[in-house]
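Values quoted throughout were computed directly from the atomic coordinates according to the rules given, and no laboratory measurement underlies them. Source: prediction; values computed, not measured. Cβ placement follows ideal geometry from the backbone for every residue including glycine, while neighbour counts extend to all protein chains displayed.
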Amino acid sequence: MVVRPTWREYEPGQGETVVSLDPGMAFGTGQHPTTRMCLAALQELLRHGDLVLDLGTGSGILAIAAAALGAGRCLALDRDEQAVKAATANVALNAAEALVEVRRGSIEAVGGERYDLVVANINAATVSDLAGDLWLALRPGGTLVAGGIISEQEGRCAAALTSAGLGVDRTLAEGEWRTLVARRA
């Protein structure tokens, strides 16, 4: 997976998936450790045709990457209007409009739909607070990739996910940052 800023030229190598991105004022350039870990998890876990929810989409980088990796459909949600504008523009830049829908809102905007894979690169407090809603948004057997977690908050976040019925399979780590991979039974 290669994230290419729009102002740079890049010739993709064999087997590389390229996401073109202009984050504007939104979070998500591919440089932050949690974004890198979420991208790595997407590459490993995404199955062709999966329905994907990107909660807290920011620039749209994870939803666009999921589409490029073969997702059947992606819903990208963010509460911030600037993020919605940036994500919508980046989806168009990557010609992913047929696969990625960008909406303003949070988990309540899901409207009862269930997903094979949910990516929530937000923060530990929000992931913890939304643990039950994240469980509901996953299909049985579905996977949650929860990023934006500082190492000191990993235990609290993992406990909240476990209490909601998600089994934490593993933790990805880079420096002080953690990304939890959990499954709904």
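With respect to the conditions (1) of a type outside the set (F, W, Y); (2) in a helix (DSSP H, G or I); (3) crowded, with 16+ Cβ neighbours inside 10 Å, E44 lacks only one, and its number is (3). Yes or no: region 83-91 includes at least one residue that is part of a strand (DSSP E or B), surrounded by 15 or more Cβ atoms within 10 Å (Cβ to Cβ), of a type outside the set (V, I, T) and touching a helix residue (DSSP H, G or I) at 6+ places or on another chain (Cβ under 7 Å). No, every residue in region 83-91 fails to be part of a strand (DSSP E or B), surrounded by 15 or more Cβ atoms within 10 Å (Cβ to Cβ), of a type outside the set (V, I, T) and touching a helix residue (DSSP H, G or I) at 6+ places or on another chain (Cβ under 7 Å). Looking only at region 172-183, which residues are surrounded by fewer than 21 Cβ atoms within 10 Å (Cβ to Cβ) and more than 11 Å from M37 (Cα to Cα)? If the condition is that a residue be surrounded by fewer than 21 Cβ atoms within 10 Å (Cβ to Cβ) and more than 11 Å from M37 (Cα to Cα), then G175, E176, R183 are the ones that fit.
Yes/no per residue for (1) within 23 Å of W177 (Cβ to Cβ); (2) of a type in the set (D, E, K, R):
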position	(1), (2)
N94	no, no
L99	no, no
G105	no, no
I122	yes, no
D129	yes, yes
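Residues in region 73-82 that are charged (D, E, K, R) and buried (at least 16 other Cβ atoms within 10 Å of the Cβ): R73, D78, D80. In the condition set (1) within 15 Å of the chain's Cα centre (by Cα); (2) of a type in the set (K, R); (3) under 18 Å from G72 (Cα atoms), R178 is compliant with all but (3). Within region 99-126, can you find the residues that are within 18 Å of A63 (Cβ to Cβ), without any contact (Cβ under 8 Å) to a residue 40 or more places away in the chain and buried (at least 19 other Cβ atoms within 10 Å of the Cβ)? Within region 99-126, L99 is the sole residue that qualifies. When region 55-81 is filtered for residues that are more than 16 Å from A98 (Cα to Cα), charged (D, E, K, R) and not in a helix (DSSP H, G or I), the ones remaining, listed by number, are D78, R79, D80.
Checking every residue in region 150-171 against the condition of being under 15 Å from the mean Cα position of the chain (by Cα), crowded, with 16+ Cβ neighbours inside 10 Å and of a type outside the set (S, T, N, Q) gives zero matches. Residues that are touching a Ser or Thr at 6+ places or on another chain (Cβ under 9 Å) and in a helix (DSSP H, G or I) within region 92-118 comprise just one, L93. For region 40-70, the set of residues classified as free of Cβ contacts under 8 Å to residues at least 40 places away in the same chain and within 15 Å of G142 (Cα to Cα) consists of E44, H48, G49, listed by residue number. Criterion first (without any contact (Cβ under 8 Å) to a residue 60 or more places away in the chain, at negative phi and surrounded by 19 or more Cβ atoms within 10 Å (Cβ to Cβ)) does L144 satisfy it? So L144 fits the description; yes.
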